[in-house]
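Please read the structure below before turning to the comments.
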Amino acid sequence: MEELAEKQMNFLKKYAGLLSEVREAAHYAGEWYIQEQEDVADRLLTSISAGLLSYNPGNMTLHSIFSDNEQAMKKLEEFYKAALAASEIQISQGNTQERMHLLYEVFLPALEAWQKEVQSALQRGGNHATH
């Protein structure tokens, strides 16, 4: 990976913080599903995931940072697809169990895999920034 510019590093730091907040909110949505408050959980999950859709594989900033890393781009694509599915959960006809499957077996694992790539880029970029 090439050395990250200061603006890219600042973006990644803020983006990593956003992903952490999304993860917390997704777990909170899961709590609502467990409490059989599907409507509340759906609205929360839809809201947080819809906010992520602009951070897709075509996002210029993300592309400039990760385009030379095929594995990272694959993880971003998987996360984008999971976020898209989660953003449409209110219009899907699935039951609570299917919604929880989407959250815990698709969305959160994709989010966590993508977070690792972002953290790795931050660490590599931070190491380069000291030169």
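The values are calculated or read from the model by the stated rules, or taken from the named source; none is laboratory data. No experiment lies behind these values; they were computed from the predicted model shown. A quick note on method: Cβ atoms are made from the backbone with ideal geometry, for glycine too, and the neighbour counts reach across all protein chains shown.
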Pairing a residue in segment 102-118 that is in a helix (DSSP H, G or I) with any residue that is surrounded by fewer than 20 Cβ atoms within 10 Å (Cβ to Cβ) and among the basic types (K, R), where Cβ atoms lie under 9 Å and the two sit 6 or more apart in sequence or on different chains, gives V106/K81; L108/R23; A110/K81; L111/R23; E112/R23; Q115/R23
Over segment 48-83, the set of residues over 17 Å from L103 (Cα atoms) and of a type in the set (V, I, T) is T61, I65
If we scan segment 81-94, do we find a residue that is within 19 Å of L12 (Cβ to Cβ) and surrounded by 15 or more Cβ atoms within 10 Å (Cβ to Cβ)? yes
- T96 being in contact (Cβ under 8 Å) with a residue 60 or more places away in the chain, out of contact with any Gly (no Cβ under 8 Å at 6 or more places or on another chain) and not charged (D, E, K, R): yes
Test: residue in segment 53-60 that is in contact with a helix residue (DSSP H, G or I) (Cβ under 9 Å, 6 or more places away or on another chain), over 15 Å from Q119 (Cβ atoms) and in contact (Cβ under 8 Å) with a residue 40 or more places away in the chain
yes
- request: Answer yes or no as to whether D68 is of a type outside the set (S, T, N, Q), loosely packed, with under 13 Cβ neighbours inside 10 Å, in a helix (DSSP H, G or I) and at pLDDT below 95.
  value: no
Checked S67, S47 against criteria (without any contact (Cβ under 8 Å) to a residue 40 or more places away in the chain, among the polar types (S, T, N, Q) and under 13 Å from A121 (Cα atoms)); the one match is S67
Considering residues that are in contact with a Ser or Thr (Cβ under 9 Å, 6 or more places away or on another chain) and closer than 19 Å to A113 by Cα, the number found within segment 19-47 is 4
Worksheet item: Do we have any residue at all in segment 26-44 that's in a loop (DSSP other than H, G, I, E, B) and of a type in the set (G, A, S)?
Response: no
Taking segment 9-45 and keeping residues surrounded by fewer than 19 Cβ atoms within 10 Å (Cβ to Cβ), in contact with a helix residue (DSSP H, G or I) (Cβ under 6 Å, 6 or more places away or on another chain), among the aliphatic types (A, V, I, L, M) and over 18 Å from F79 (Cα atoms) leaves M9, V40
